[in-house]
1. Which stretch or stretches of segment 357-379 have amide N atoms under 14 Å from the point lying 7 Å from residue 297's Cα along the Cα→Cβ direction?
2. Where Lys and Arg each count +1 and Asp and Glu each count -1, what net charge lies around residue 334 among other residues with Cβ under 9 Å from its Cβ?
3. Can you tell me what percent of all Cα-Cα pairs in segment 286-340 are more than 13 Å apart?
4. Can you bin segment 155-294 into rounded, prolate or oblate? Criterion: square roots of the alpha carbon gyration tensor eigenvalues sorted a ≥ b ≥ c, rounded for a/c under 1.5, prolate for a/b above b/c, oblate for the rest.
5. Modelling each spin label as a point 7 Å along the Cα-to-Cβ direction, I'd like the residue 122/residue 275 distance in nm, to one decimal.
6. Using the Cα centre of segment 220-270 as origin and beta-carbon charges of +1 (Lys, Arg) and -1 (Asp, Glu), tell me which of 239, 226, 252 is placed farthest towards the positive end of the dipole.
7. Output the pairs from 241/263; 77/227; 77/206 with a Cα-Cα distance over 27 Å in this structure; if there are none, say none.
8. Could you put 100, 305, 28 in order, starting from the residue whose Cβ has the fewest other Cβ atoms within 10 Å?
Amino acid sequence: MPGAAKTNLPTHIFTPPTDIAGQAHALVAETTQWFSENGLRIAIALVAGAVLVAALLFAQKLAQRLCRDNVELVDWKTIAGRIAAKTSFWFLVIVAARLVDGYADTPPQLDKTIGFLFTIALTFQAAVWVRELVLGFVEHRAGATDQDHGALASATGIIRFLVSFTLFSLALVLVLGNLGVNVTGLVAGLGVGGIAIGLAAQGIFKDLFAALAIIFDRPFRKGDSVKWSGISGTVEAIGLKTTRIRATTGEQVVVGNAHLLEKELYNLARLDRRRMFLEIGVTYYTAEDVCDRIPEMLRKIVVAVPKCSVVRVGMIGFGDSSLDFELQFDVASSNYNEVFDARSKVCLAILRAFNKAGIEFAFPTQTTITADPSGRGIMPYPEAEPHHGEADPAADAPSPAVDPESSEETAP
């Protein structure tokens, strides 16, 4: 139309071809002419491509065999074997075709098609490789033998979905960008959608990432004895959202993973020893030399109990009703039942030794002294009288002897 302004579309925007049938016919004709003129070179290229594909397949199988999957421990050899196993056969074919197409003097249209297919295959194959590498690293870092297999499998499934969605979205954007499609709006839409999903599922993702932190950082494991916020118990299960703890009182406590990591947690299962403290009080009537012997007595008692060692022992002060001693000793065990039994043996041995030595344990006592107004102590009760049935000492005393002559009366 005369006078109409001509609109030039940007070169980076993909415009579908207007004559698809014509271009296809031209490609077929060009390929047919290429086959007729380069038959020998094409045959050599096909043989070289087949040999190259066979070599790549052999290398793939060899990598899988050398890096056999070990269910007990996921190491880097296992990860390499998984990456090799996930390499597609068609990707190997396209790689071989790309390597030999230059030798066969490929027509421009066919060369462009092979290059386009190679770009697509390499992009998606790289996404698969990166996914297997990330998942292998997750399992290697978590340690399949140390964690709850159910929690690890669930976490791996969630991570697989998130990683796959992210990587294949990026691969799709790269492929579309390579085709000339304007992907700016698509990237913006994916970004807005991701933000909306993240805000809607904020609590779920918070607990999910806390679960991943527990699996990776391993502050505790299934079966460990822990103490958290006044709760003591054993970890029964580590889930994607919650962790279940069987309290020592019997009930099961369910705690959100994010809430669990917000406070200090004491892992009692990783103790190589436990320190025990015993305070012992003896009466104030205990002799000085006996008090000197008490620390050595306590030391010998602790050493005689298996897995026990003395840290320090001695007199620590003067109590209201006792002379106070403190005994500190370690029990070389992480099993609390063994620690409890060792402490019981030490206590019973102290009881037997003190009873044998005549040492009295102190208990709260109070002595009352009554005084007169001058401050002199007096008895707060009258002197005791003889009980009924007891002989009177004065009655039992012998009578004085009497002279018979002097006892006679004188007659008037």
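Please treat every number below as a calculation from the coordinates, not as lab data. Quantities reported herein were computed from a predicted structural model and do not represent experimental measurements. Virtual Cβ from ideal backbone geometry, glycine too; neighbours counted across all protein chains shown.
1. Residues passing the 14 Å test: 357-362.
2. On the way: positive: 270, 273, 274; negative: 272, 338.
Net of charged neighbours comes to +1.
3. Details: 948 of 1485 pairs.
Of the Cα pairs, 64 percent sit more than 13 Å apart.
4. Numbers: a/c = 4.50, a/b = 3.89, b/c = 1.16.
Prolate, because a/c is 1.5 or more and a/b exceeds b/c.
5. 6.3 nm
6. Sorting the options by dipole projection puts first 239.
7. The answer is 77/227; 77/206.
8. Details: 100 22, 305 18, 28 11.
By the 10 Å Cβ count, ascending: 28, 305, 100.
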